[in-house]
1. Taking the Cα atoms of the range 10-59, report the difference between the largest and smallest coordinate on each principal axis, in whole Å and largest first.
2. How many angstrom lie between the Cα centre of the range 141-162 and the Cα centre of the range 1-52?
3. At 7 Å along the Cα-to-beta-carbon direction for both residue 134 and residue 104, put a label point, then send me their distance in nm to one decimal.
4. Enumerate the amide H contacts of residue 163 below 5 Å, restricted to partners 5 or more residues apart or on another chain; note that Pro and chain-start residues carry no placed amide H.
5. Under a plain spin-label model, where a point goes 7 Å from the Cα along Cα-to-Cβ, how far apart in nm are residue 141 and residue 115?
6. Take the residue pairs 142/171; 101/164; 135/171; 135/164 and return only those whose Cα atoms are more than 30 Å apart.
7. Can you run phi through the Karplus equation (6.51, -1.76, 1.60; θ = phi - 60°) for the range 116-125 and list ³J(HN,Hα) in whole Hz, with x for Gly and Pro?
Amino acid sequence: MTQILGIGSRINHPKYGKGVVTNVTAKMYWVTFIENGLETIATDDDFEIIEAAEDEVDTVSFYEVEKSLRDILKKWNGFSEIVPIADKWKGGTIVLQPADKSLTTKEIPIDTFFHKIVMLRDRLRVMEQKINSSKELTDQDKVDLQQYITRCYGSLTTFNVLFKSNSQQFKGDSASK
């Protein structure tokens, strides 16, 4: 295994000259070189170690940890992705007009309505994950419940007109066949 240098290590690179390691990941060093400024080089790049710092090195960057955490939370805790509404609906209103003219109409901002639809979709996805990972349900129970969820998605395809991106729309039975 190649030695991972700590921050503060001094090196001599054949192309960039002498420099000091200022940041480290599992695959890259950020090195400030005396004559060439800041450069990134691969940890397995060819260079001479002048002095290796003895500090413990965290070889996973903050970005990598943050991305992993975001992916885990999205997968298991029902956090929703940012889903944009189609531009033509931004700022619009849904008007519910009762047949009885003595009753008042109800207006709902389309953005609010859309947000609730996206939340419903995300909760259906979480339910799917919980069903599929359940140890208590039989395979037949899982298939039966999955069919109900697929039908729910199919019922919600009416609202696909609100989505900016087709890839984020509801897909029902016909989409899976």
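Each value in this text was obtained by applying a stated rule to the coordinates, not by laboratory testing. What you are looking at is a predicted structure, and each value in this text was computed from that prediction instead of being measured. Please note: Cβ atoms are built from the backbone with ideal geometry, for glycine as well, and neighbour counts cover all protein chains shown.
1. Taking the Cα atoms of the range 10-59, the three principal extents are 27, 18, 17 Å.
2. 54
3. 4.3
4. For residue 163, the qualifying residues are 86.
5. 3.6
6. With Cα atoms farther than 30 Å apart: 101/164; 135/164.
7. Values, residue by residue: 5, 5, 5, 4, 4, 4, 5, 5, 5, 5 Hz.
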